[in-house]
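Encoded as structure tokens, the structure appears first; notes follow it.
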Amino acid sequence: MRFYNTLTRRLEEFREIEKGRIGLYTCGPTVYDFPHIGNFRSYVFEDLVKRFFRFSGFRVRHVMNITDIDDKTIRKANELGLPLGEVTRKYIDAFHVDLRTLNILPADVYPRATEHIPEMLQLVSALLAKGFAYKKEGSVYFSIERFKEYGRLANIDQGSLRTGAAVDADEYEKDAVQDFVLWKGRKAGEPFWPAAFGDGRPGWHIECSAMSMKYLGPHFDIHMGGVDNIFPHHENEIAQSECANGVKFVNYWLHCQHLIVDNRKMSKSLGNFFTLPDLLQRGADPMAVRYLLISTHYRKLLNFTFEGLEMAGQALQRVKNFAFSLKNVEAEGEADPELAAAAASSLEAFAASMADDFNVSGALGVMFDLIAAVNPRMNALTRKDAAVVREYLERVNSVLGVLEEKGEAALDAEIEERIRLRENARREKDFARADEIRAELKKQGIVLLDTPAGVKWKRE
Ligand code: AMP
Ligand code: ZN
């Protein structure tokens, strides 16, 4: 398996630290607002990577932090005049709902920054003791000139480092490279914790260094995030962790390109964003959203459009129809060894594409080729053949996660429940409601047939 390592700027063969196991850290949400689908492009890609490692036989320990204290969360709480914890709780809950809706596998741990202040204090103390940090006007800063490797991840020319100047904000641009804040001195209107080096609160970057180290150790395999995390966030994480621990922090850095709208990054500050509930309200199928987000290679910009979403939905529908037809195969008889061989080699090609820097388009192409080869023979398949192909589809979907993994029986039961509701509405002569339910089902590709023997349904 090989993929692009931001740290070395080349494709590298993956080698895990401990055989068969992977430590994975992904930067989680800053919970000052509802997440938008741009954020989810990164989270869904991270999920795809994790699923592929699991598919390939690795055990993955996945840690995703929750940034529940930083400049933005504090600003929001102050604007609303509410306690910080009350504001962040709401957005943490919403985040978890969206994760489930997008079929993102849960992380093993979701550490929150406010619950790891002692670990951060320890890290800042270590950096002060080793001379990598200094105190100034009640705050503590990291001295970038003390770390020779500073700028390596973001590929910053050492000549452009502005030593001596220090920045207090959590976020700043690459052309303002300077000493960054580890611990912010106590200010009116901000939460604070007591510390030997002065009361205050953590800077954003120290949070991820402290939490990744606690749950994955000082040296682990993979760290991910969106490309906007490369600088300053991940650059600063490396500086803090390596200087405090004296060992290499992370072997592989993987960054997901942005979701954009009209050539600009989808972001809260530009106001050009959609949340997942926004899209669902417009009738989008969450699995189509997931399909859309994964189908463009992670190192390419993805421009969000409703036409694109529609097309993703159509592609997904072809897969769903295929799965449905397989389910309905009833003929008895032997399995065709050639079909089994074709499915096995398709699965191999699918895995090979994914193993090549997560080439999803290639992998999807392989899957659609198999679908196109089997579809014309659908009527000639035996149940044993269908089982082979269904098993194939399940394996592929364990990586893509675009078909609901809910048991089909449960799905059928949901549809039948809706049909019962429609029957009730008709009995009560509420024909508008009955038509509405029929239209909703139609949108999901379910067609109702009113027959003398009652209502029957089928997938389009
Ligand atoms: P934040 O909540 O701003 O800290 O961002 C959470 C994650 O979403 C980070 O990994 C960001 O890099 C990522 N992210 C933010 N905006 C986008 C976008 N438009 N496209 C892809 N990833 C994004
Ligand atoms: Zn982080």
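A few points about this structure:
- Between segment 200-230 and segment 1-39, the alpha-carbon center distance in angstrom: 11
- Net charge of the neighbourhood of GLU330, taken over other residues with C-beta under 14 Å away and scored Lys/Arg +1, Asp/Glu -1, is +2.
- Pairs from the table (LYS135/LYS187; LYS214/LYS265; LYS76/LYS300; LYS135/LYS214; LYS19/LYS50; LYS72/LYS184) lying more than 23 angstrom apart at Cα are LYS214/LYS265; LYS76/LYS300; LYS135/LYS214.
- Whether segment 202-350 is rounded, prolate or oblate, judged on the alpha carbon gyration tensor where a/c under 1.5 counts as rounded: oblate
- Projected over every direction and averaged, the convex hull enclosing the alpha-carbon atoms of segment 153-231 yields 7.1 nm².
- Within the same chain, lysines fewer than 8 places from LYS443 are excluded, and of the rest, those with a Cα less than 30 Å from its Cα are LYS320, LYS327, LYS406, LYS429, LYS456, LYS458.
- Three-way shape call for segment 14-260 based on the alpha-carbon gyration tensor, with the a/c threshold at 1.5: oblate
- Charge tally in the Cβ shell below 14 Å around GLU242, where Lys, Arg are +1 and Asp, Glu are -1, GLU242 excluded: +2
- Three-way shape call for segment 408-459 based on the alpha-carbon gyration tensor, with the a/c threshold at 1.5: prolate
- DSSP beta bridges in the chain [antiparallel fraction, %, rounded to 5]: 50
- The ranking of MET64, MET354 by Cβ neighbour count inside 10 Å, starting from the fewest, reads MET64, MET354.
- Under the Karplus curve 6.51 cos²θ - 1.76 cosθ + 1.60, θ = phi - 60°, whole-Hz ³J(HN,Hα) for segment 412-420, x wherever Gly or Pro sits: 4, 5, 5, 5, 5, 5, 5, 5, 4
- Residue-averaged [θ]222 nm for the chain, counting only DSSP H segments that reach four residues, each worth -39500 (n - 2.57): -14500 deg cm²/dmol
Values quoted throughout were computed directly from the atomic coordinates according to the rules given, and no laboratory measurement underlies them. Computed from a predicted structure; not experimentally measured. Positions of Cβ are generated from backbone atoms using ideal geometry, with glycine treated the same way; all protein chains shown enter the neighbour counts.
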